[in-house]
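Visitor: This is the structure I want to talk about, given as structure tokens.
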There are 2 protein chains.
Amino acid sequence: MLEERKKKVLQAIVEEYINTAEPVSSSSLTNNYDLNYSSATIRNEMADLEKAGYLEKTHTSSGRIPSEKGYRYYVDELLKDDNISLEEIKYISEKLETKVNEIEDLTKIATTTISEITHYTTLAIGPSTEDLLIEEIKFVLLGPRMLMAIILTNTGMVKETIIKFEEDISEKQVETINYMFNQKLKGQPLDIIDSPLEEYLINEMKYSIKVIRPIIEQIKKVISEDRKLYLEGANKSFDLPEFNSLAVARNFINIIDEKDLMTDILNSGFAKDINVYIGDENEKKELKDFSIITFKHKVGNKDLGTIGIIGPKRMDYSKVISVMKYINKKLKDKGI
Amino acid sequence: MLEERKKKVLQAIVEEYINTAEPVSSSSLTNNYDLNYSSATIRNEMADLEKAGYLEKTHTSSGRIPSEKGYRYYVDELLKDDNISLEEIKYISEKLETKVNEIEDLTKIATTTISEITHYTTLAIGPSTEDLLIEEIKFVLLGPRMLMAIILTNTGMVKETIIKFEEDISEKQVETINYMFNQKLKGQPLDIIDSPLEEYLINEMKYSIKVIRPIIEQIKKVISEDRKLYLEGANKSFDLPEFNSLAVARNFINIIDEKDLMTDILNSGFAKDINVYIGDENEKKELKDFSIITFKHKVGNKDLGTIGIIGPKRMDYSKVISVMKYINKKLKDKGI
DNA sequence: ATTAGCAATCGAAAAGGAAGAGTGCTAAAA
DNA sequence: TTTTAGCACTCTTCCTTTTCGATTGCTAAT
């Protein structure tokens with residue numbers, strides 16, 4: 001447990017460094033941040049904090065920057081999570097008022113809004129299809145050889161896909177298919193549609209393989225498709241001073257270009273509502289020089305997508321977390 | 001019209017510069033590229049080509065690099081468009097064999113393939129909805145207050161959307177809607193669905209505004225939605241030496257992050273099958289340091305999407321154009 | 001417990017210099 | 001007339017050296 005003054009010094013250094021991106025000197029803190037001590041006193045505290053692992057030096061005679069432990073302490077103990085202005089509240093509210101017919105659109109709007117307010121690169125994936133139950137499947141004949149399958153789930157999510165056939169099929173056949181599929185699949189989990197089921201339907205139902213197979217194939221494909229990934233404000237990161245280093249910039253581009261990696265990150269580790277991973281705390285080593293903040297938007301057990309921010313370790317945690325909390329609350333209030 | 005030897009020198013310089021990204025010296029060309037002359041002779045030719053505007057120097061005592069006029073001459077007169085290996089042909093063919101149910105998926109595959117083979121950043125937009133005619137609209141009731149509208153067009157394209165209502169609607173109502181809409185819209189251009197039509201339907205058909213309005217609103221929204229933009233291999237550009245300049249890298253990120261700009265670019269200027277814009281030739285001044293090569297994939301009058309490559313002016317035009325030509329041909333053969 | 005004072009350290013920027021690559025030009029060779 | 005050898009000149013790149021200033025840690029005074 002840190003003494004009160006050490007906390008103040010640590011907080012001042014973290015915030016100053018977040019603002020300026022320059023190592024913080026002892027003298028720059030005197031008479032600021034409620035620290036009315038001489039630079040020598042601050043210097044002693046800084047030396048202690050460094051020994052305890054909260055601060056680092058870039059070289060012998062430089063000012064201090066926070067270590068990952070320092071950031072972590074700041075995030076856990078010192079950070080204010082109401083760092084959001086009236087204008088921002090207003091702006092967010094307006095944005096989220098937008099009427100949408102699909103949840104994914106809302107996730108998209110939230111992503112853009114967060115990126116606009118925080119000026120960090122923001123990403124999101126749509127809701128997971130795991131754990132969803134099939135409520136009903138509808139088939140609509142669009143042409144003599146073109147059928148649309150519409151799957152309704154228990155959460156109100158709708159997935160549709162088009163199946164093309166090699167030969168004509170009749171309305172009568174569609175009716176049979178409709179009956180068969182609903183008979184077998186109503187109330188079942190979405191991922192039941194795999195090969196065993198295919199065999200079953202074909203064998204047990206004694207229905208033409210030429211008709212059943214393409215349907216199952218296509219439905220399988222659609223439900224196993226990767227969750228859609230949204231990315232907003234990749235260029236915003238390039239205005240940050242840490243991106244003056246070409247190595248950092250290239251690293252960043254490689255990361256956000258790697259869609260599977262991003263999806264993984266947004267999919268993992270949800271201990272809390274809002275999760276902060278600082279540098280090496282990230283599971284993926286590629287991210288060791290960045291921080292990630294994610295939050296899962298859900299109502300009850302209904303997963304509605306995940307939004308994440310990626311930025312330098314010197315991220316404005318306070319602002320980002322405040323904005324996320326507010327958006328999270330707003331989304332919950334909307335009650336979708 | 002350039003003399004034969006000048007052409008050879010120009011071609012050699014362009015190709016050498018594309019390969020090495022270093023200004024090309026007179027001595028590096030002797031005994032290469034079918035140029036059996038001394039460096040002094042080459043030097044004289046280079047001086048002439050520079051006077052004529054085809055070459056530039058980065059400073060007084062440097063080798064030469066092609067000017068935009070030089071690249072243009074190379075692309076128009078000197079470039080080989082069969083610069084594609086057997087392995088590449090095989091790879092492309094395999095990729096394009098993939099069975100897809102929707103055209104957009106094919107565009108996506110082509111985009112990825114091009115990026116993989118050329119190592120340049122590749123983008124694409126799906127087919128334009130302009131000029132499409134409505135063949136039929138189907139309505140499917142998904143729940144008491146949820147309706148799906150499925151629009152079939154003359155090109156076989158399918159667009160569907162979900163409409164939510166404030167009050168229950170019956171199967172009977174859906175039938176009426178179905179009849180009304182098809183009656184009025186069959187054979188009409190897709191973009192007929194605008195406000196006047198809304199007024200017309202509501203007034204003339206004397207049908208509940210509460211039902212008609214949300215349907216029209218939603219359909220309007222869907223058909224006016226931006227065409228989907230695909231982007232592949234943004235990180236690949238960062239391996240190019242020109243991206244060692246931070247200004248260039250940042251510029252590039254800003255460009256590809258600007259989706260409207262990218263969409264505009266892919267939408268404009270289709271004089272030929274394959275279009276090359278070198279540096280300042282680009283309409284958008286942001287692109288003055290880059291080259292863009294686009295091609296529109298169409299069969300007959302049916303627009304099936306546009307694919308574009310963006311890279312430095314020192315782009316491997318020969319490779320890119322060869323690959324595009326081959327893919328274009330393959331897509332045409334597939335006949336979708 | 002705090003602070004003033006000061007030598008010591010190190011990075012960043014400026015200045016200087018050497019090496020090398022490439023050109024243009026002149027005069028000789030083909 | 002065309003081509004080439006030869007060489008002075010130019011300019012970049014890289015390396016070293018120097019200077020300047022910011023900041024620290026330590027010691028002794030408050």
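Visitor: Given the criteria away from chain A (no Cβ under 14 Å) and of a type in the set (Val, Ile, Thr), does residue B:253 qualify?
Guide: no
Visitor: Give me the residue from the range A:56-82 that is in contact with a strand residue (DSSP E or B) (Cβ under 8 Å, 6 or more places away or on another chain) and of a type in the set (S, T, N, Q) and, out of that set, nearest to DNA strand C (Cβ to nearest atom).
Guide: Within the range A:56-82, the match that is nearest to DNA strand C (Cβ to nearest atom) is A:58.
Visitor: I'd like to check which helices (runs of 4 or more DSSP H) are fully inside the range B:1-104 and have at least 3 residues that are in the same structural domain as residue B:288 (by TED's automatic domain parsing) and away from DNA strand D (no atom under 16 Å from the Cβ).
Guide: B:86-97
Visitor: Out of the residues in the range A:123-179 that are within 12 Å of another protein chain (Cβ to nearest Cβ) and of a type in the set (Phe, Trp, Tyr), state the one that is nearest to residue A:212 (Cα to Cα).
Guide: A:165
Visitor: Right, here's the next one. Taking the condition of being away from chain B (no Cβ under 11 Å) and not in a loop (DSSP other than H, G, I, E, B), how many residues in the range A:113-122 meet it?
Guide: Summing the residues that are away from chain B (no Cβ under 11 Å) and not in a loop (DSSP other than H, G, I, E, B) in the range A:113-122 gives 6.
Visitor: Can you tell which of A:151, A:215, A:223, A:193 is among the aliphatic types (A, V, I, L, M) and at pLDDT 90 or above?
Guide: A:151
Visitor: Go through (1) within 16 Å of DNA strand C (Cβ to nearest atom); (2) out of contact with any Phe, Trp or Tyr (no Cβ under 6 Å at 6 or more places or on another chain); (3) closer than 27 Å to residue B:295 by Cβ and name the single condition residue B:38 misses.
Guide: Residue B:38 satisfies every listed condition except (3).
Visitor: Scan the range B:94-107 and tell me whether some residue there is modelled with pLDDT of 90 or more, of a type in the set (A, V, I, L, M) and closer than 27 Å to residue B:290 by Cα.
Guide: Checking the range B:94-107: not a single residue is modelled with pLDDT of 90 or more, of a type in the set (A, V, I, L, M) and closer than 27 Å to residue B:290 by Cα.
Every residue, every condition in (1) surrounded by 22 or more Cβ atoms within 10 Å (Cβ to Cβ); (2) at pLDDT below 90; (3) touching a helix residue (DSSP H, G or I) at 6+ places or on another chain (Cβ under 6 Å), yes or no:
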{"residue": "A:235", "(1), (2), (3)": "no, no, yes"}
{"residue": "A:299", "(1), (2), (3)": "no, yes, no"}
{"residue": "A:310", "(1), (2), (3)": "yes, no, no"}
{"residue": "A:317", "(1), (2), (3)": "yes, no, yes"}
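Visitor: Residues that are farther than 30 Å from residue A:245 by Cα, touching a residue at least 24 places away in the same chain (Cβ under 8 Å) and within 14 Å of chain A (Cβ to nearest Cβ): does the range B:227-237 have at least one?
Guide: Yes: the range B:227-237 contains one or more residues that are farther than 30 Å from residue A:245 by Cα, touching a residue at least 24 places away in the same chain (Cβ under 8 Å) and within 14 Å of chain A (Cβ to nearest Cβ).
Visitor: Would you check if residue A:290 is more than 17 Å from residue B:234 (Cβ to Cβ) and either out of contact with any Lys or Arg (no Cβ under 7 Å at 6 or more places or on another chain) or modelled with pLDDT of 90 or more (or both)?
Guide: When the stated conditions are applied, residue A:290 passes them.
Visitor: Report, by residue number, each residue of the range A:221-238 that is in a helix (DSSP H, G or I) and touching a Phe, Trp or Tyr at 6+ places or on another chain (Cβ under 9 Å).
Guide: Answer for the range A:221-238, where residues must be in a helix (DSSP H, G or I) and touching a Phe, Trp or Tyr at 6+ places or on another chain (Cβ under 9 Å): A:234, A:236, A:237, A:238.
Visitor: Return the residue satisfying two criteria in turn: it lies in the range B:43-76 and is under 32 Å from the mean Cα position of the chain (by Cα) and aliphatic (A, V, I, L, M), and of such residues it is surrounded by the fewest Cβ atoms within 10 Å (Cβ to Cβ).
Guide: B:75
Visitor: Looking only at the range A:154-167, count every residue that is modelled with pLDDT of 90 or more and surrounded by fewer than 16 Cβ atoms within 10 Å (Cβ to Cβ) and tell me the total.
Guide: Qualifying residue count, the range A:154-167: 0.
Visitor: Here is a further query. Can you tell me which residues in the range A:1-24 are out of contact with any Phe, Trp or Tyr (no Cβ under 9 Å at 6 or more places or on another chain) and more than 12 Å from DNA strand C (Cβ to nearest atom)?
Guide: Scanning the range A:1-24 gives A:1, A:17, A:19, A:20, A:21.
The values are calculated or read from the model by the stated rules, or taken from the named source; none is laboratory data. All values reported here derive from a predicted model rather than from experimental measurement. No Cβ is skipped: glycine too gets one built from the backbone with ideal geometry, and neighbour counts run over all protein chains shown.
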